[in-house]
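Encoded as C-alpha cells, the structure appears first; notes follow it.
Every number in this text was worked out from the coordinates using simple rules, so none of it is lab data. What you see is a predicted model, and the numbers here were worked out from it, not measured in a lab. Every residue, glycine as well, gets a Cβ built from its backbone with ideal geometry; the counts of neighbours run over all protein chains shown.
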Number of protein chains: 2
Amino acid sequence: MLGIDIGGTKVAVGSVTQDGTVQGEIMDFLSPVGSPEEFVEALLEQLREARSRIKDDILGVGVGCAGTIDWAERRVVESPNLPLKDELLGERIAKALRLPVVLDNDANTATLAEVRVGAAKGNSHVIMLTLGTGVGGGIVLDGRLYRGATGSAGELGHTIVKGNGDLCRCGRRGCLEQYASGSALERYARQIVDHGRLTSAAQGEDAADAGADPPEDYGRRLRELAAADGLNGKSVGELALEGDAAARDAVAEVAAWLGAGLANLANIFNPDMIVIGGGLSSLGDLLLEPARKLMEAHAIRPNGTVAQVAAAQLGNEAGVVGAALVAWEVLEDVTLPV
Amino acid sequence: MLGIDIGGTKVAVGSVTQDGTVQGEIMDFLSPVGSPEEFVEALLEQLREARSRIKDDILGVGVGCAGTIDWAERRVVESPNLPLKDELLGERIAKALRLPVVLDNDANTATLAEVRVGAAKGNSHVIMLTLGTGVGGGIVLDGRLYRGATGSAGELGHTIVKGNGDLCRCGRRGCLEQYASGSALERYARQIVDHGRLTSAAQGEDAADAGADPPEDYGRRLRELAAADGLNGKSVGELALEGDAAARDAVAEVAAWLGAGLANLANIFNPDMIVIGGGLSSLGDLLLEPARKLMEAHAIRPNGTVAQVAAAQLGNEAGVVGAALVAWEVLEDVTLPV
C-alpha cells in the first residue's frame, strides 16, 4: 500500500506492507506552495513521480493530512498548515494515480501506526493524544480505528475541561487544547514572565501560592527568551528539560491539565493504553510522570487496573506508515466504508 | 434469556426474547433488606422462585445492578442503594440458578435497551447519559455495548468539565455529575433560595446578571419548598414544568452544563444519537432543547452532521429487558468475554 503524509513542510511517500514495514526508501518532497489549485496540481505531479519510482504492485493509497477531514467524502474541509479548503483531495489523488484512496487526518494515522508498530503495539484499546500547537486525538478500539457515525470521532482536544474557561480557536471556552498544548505551555511561561508566577493554576490556589515567594532569579531565563522574541512551547520545553525551575512550573501546569484529560479518557474508554504524541511528548517523563500520577489517583477502576500512559515511539516514518496502515485496514475490510 | 433488574426498591425478573420482547409478565419482588449476606440469601431465594414460575427454556441470565461493577469478575464493588460490597454476585446467582450469568451496571443495560427497542432503535453509535442523583453512562458502538479493556468504560459522569470545580463524591473536582444531575438541580435551586439568584452560572456572568434584578416573587415557591424541607431535584423539576421562572433558571443551568457534556460526547464519539435517561429526562424539551442547541452550536462537524439528542423512551420494563439483552449479546457471541 502507498502511504502519503502531507505536511506543511514536506510530502513523504512510501510503499508499506500490511505489517507496517517500509519497502525501500521513503521519498520526501518539499510541500508545494501557492494557491489551492497550484498546491494540488504540484502535489499530484509529485505523487505521480513517486508512484513511477516504486516497482511493487500497489493495491491502494492511504493519505494522512493535518486538518479537518470529511472522511466519507475524502475532503479536506480546512487545514491549519496547507492552502486547502473544501478540497476533494482523496478523489483527485485517486484519479491521478488510478488507485483506491483513503484520506484521513494525521492524528488517526499516527494512532494506528503507534498501535501496530509503535508504543502501543500489542494493545487493543488505545487512545492517542497529540500535544502540539493544538491537541489532536485518535481512538483505536478492539484493534481498529474508531471513527464514529460519520467519520469525525476523536476530536479529543475539543472537549471542555474548564467550563467558562479560555476561548478556544474552535469557538468554545475551556477546551483541553487551551490547557495542555504547546500553546498553553507558552501561555503559562508568559504568565511567569509577566506576573512572576502562574496565574491560572489547575489545582486551585496551591500552585499560585507556591509561586508567590519565588527565588530571586526565578523566571530569569524565560524573561530572556521573551525579550529575544524566542518564547514558545518548544523553547520553554527545552529550558524545562535543562532544569530551569520556572519552565518546569509551566510544564507542571500542562501536566496537571493533562492528568485531568487522561483521567477523563480512562473513565470514558477504559483503554489499555494512552499514547502521548506531538511536540510536547519530547518532554518525556517530565510531563508524563506527574500526569500519569494524577490520572492514577483519579481514574475510576473497579478492578484495580488503569490505562498505561506512554510517549509515542515513532519518528519521521510514522506519517507514511500510519497512512498506509489506515489504507490496509479500510481497503482490506469490506465491513468498513471505503 | 432471564433478565434481572436489582434496584434499591424492587427486584424485577422476566423472560425476554433476543429481540427484546418480554414473554409473559415481569415478576416484581420487594428488594431484600438486612446485612449483605441476608440480602444475597433472600435475593437468591426470590430468583429461584421466579425461575420456577417460568415455563420457557432459559439459556442464561443477565443481571443489571446499580453501582460499580467489576465486569470480568461479575462482582459488585459497591452500590449506592444496596447493602453490597465486593460481592461476587454474578457467581452466586449462577450457582443458585445453575445458569450462565452476565452481570452489568444498570447504565449499560439501560443503554442497550434504548438502542434495541427504545429511543435509539436503528442507530449503531449511541451514547446514553443517565441523569439522576448521579450521572451514569453507556456506550454502544457499531451496535454493541463497549466496555473497554477491563469492563469499566462509560463512566461519563466522572469526566471533568470544570477543572478545579466542585468536589465530586468520586474524589475529583469538577465532574459532569456535579453540574448536570438531579443533585445539581437541587443545588442550583438552593442558590436561588439563599442568594436570590444563581451564583455558579455555566455561561459566565450573563446568567448571574440576568438574575440580579429578578421579579418580586422570583424564587418564592422554591423558598416555600425549602422551608417545608421538600426541595430536591424532583420537586424543582416539577415546579419548572409548571412554569415557575426560578425553577426554570435552575433547569437552564443544568441544561447549559448538559450542552457542554453533549458537545464533548459529540466531539469524542461522533455518535448517531445521544439518549438522555434518568429522572431528569422527565423534564423533556425543557431540558433537552437548550442543551441540544448548545451542542449543535459547539460540536465540530466536518460534514455538517451532528448527533441527535433524544429522551429515553423505555419505562419500567427497561431494566429487565436491558439486562436480558446484555446476556443475549454476550452469551450468543464467543468473541466477547463471558
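The stretch A:3-59 and the stretch B:266-284 have their alpha-carbon centroids 42 Å apart.
The mean sequence separation of alpha-carbon pairs under 8 Å and at least six residues apart, normalised by the residue count of chain B, gives a relative contact order of 21 percent. Counts of other chain beta carbons within 10 angstrom of each beta carbon in peptide A:167-178 average 3. Our estimate of slack between A:Ala72 and A:Asp229, defined as 0.36 nm per intervening residue step minus the Cα-Cα distance, is 52.3 nm. Position B:Ala72: other-copy label points at 3.7 nm, ordered by increasing distance, label point 7 Å along Cα→C-beta.
For the segment A:254-264, counting C-beta atoms of other chains within 10 Å of every residue's C-beta and taking the mean gives 3.
Per Stokes-Einstein, at 20 °C and 1.002 mPa s, what whole-number D in µm² s⁻¹ belongs to chain A, with the Kirkwood radius over Cα pairs as the hydrodynamic radius?
D, rounded to a whole number, is 103 µm²/s.
A DSSP coil position with no more than 16 other Cβ atoms inside 10 Å describes the following trypsin sites (Lys or Arg not before Pro) in the stretch A:161-195: A:Arg169.
Cross-link partners for A:Lys234 among the lysines, with Cα-Cα distance under 29 Å and sequence neighbours closer than 8 places in the same chain left out: A:Lys10, A:Lys85, A:Lys121, A:Lys162, A:Lys293, B:Lys162.
Taking K and R as +1 and D and E as -1, what net charge do the other residues with C-beta under 12 Å from the C-beta of A:Gly62 add up to?
After counting each charged neighbour, the total is -4.
Along its principal axes, the protein assembly as shown has C-alpha extents of 74, 61, 42 angstrom, given from the largest down. Taking Lys and Arg as +1 and Asp and Glu as -1, the other residues whose beta-carbon sits under 14 Å from that of B:Cys175 total +3.
Using DSSP to define loop residues, name the trypsin sites (Lys or Arg not before Pro) in the stretch B:1-105 whose beta-carbon has at most 13 other beta-carbon atoms within 10 Å.
B:Lys55, B:Arg98
Within chain A, which DSSP H helices have Cα atoms that stretch 24 Å or more along the helix axis and a mean Kyte-Doolittle hydropathy of at least -0.5? TM-like helix candidates: A:245-269. Distances between placed amide hydrogens fall under 5 Å for B:Lys10 paired with B:Ser31, all partners being 5 or more residues away or on another chain. Taken residue by residue and averaged, Cβ atoms of other chains lying within 10 Å of the Cβ of A:137-146 number 3.
Distant-in-sequence amide contacts of A:Val102, defined by a placed amide H-H separation under 5 Å and a gap of 5 or more residues or a different chain, comprise A:Val61, A:Gly62, A:Val63. Across the copies of the chain, B:Gly304 has label points (7 Å from Cα along Cα→Cβ) spaced 5.4 nm apart, shortest distance listed first. Qualifying GluC sites (Glu not before Pro) in the stretch A:278-335, where qualification requires a DSSP coil assignment and no more than 14 other C-beta atoms within 10 Å, comprise A:Glu332. Comparing A:Ala227, A:Ala291, A:Ala110 in a Gaussian network model of chain A (Cα springs below 10 Å), the most mobile by mean-square fluctuation is A:Ala227.
Karplus-derived 3J(HN,Hα) values for the stretch B:78-83, using 6.51 cos²θ - 1.76 cosθ + 1.60 with θ = phi - 60°, are 7, 9, x, 10, 10, x Hz; glycine and proline are entered as x.
Of the beta bridges in the stretch A:124-312, as assigned by DSSP with both residues counted there, near 55 percent are antiparallel. Distances between copies of B:Glu216, taken at a point 7 Å out from Cα along the Cα→Cβ vector and listed shortest first: 6.8 nm. By DSSP, the beta bridges lying fully in the protein assembly as shown are antiparallel in about 60 percent of cases. Taking amide H positions as modeled 1.01 Å from N, with prolines and chain starts lacking one, the residues under 5 Å from A:Cys168 and 5 or more places away or on another chain are A:Arg173, A:Gly174, A:Cys175. In the elastic network of chain B, a GNM with C-alpha springs shorter than 10 Å, the most mobile of B:Asp28, B:Asp285, B:Asp217 is B:Asp217.
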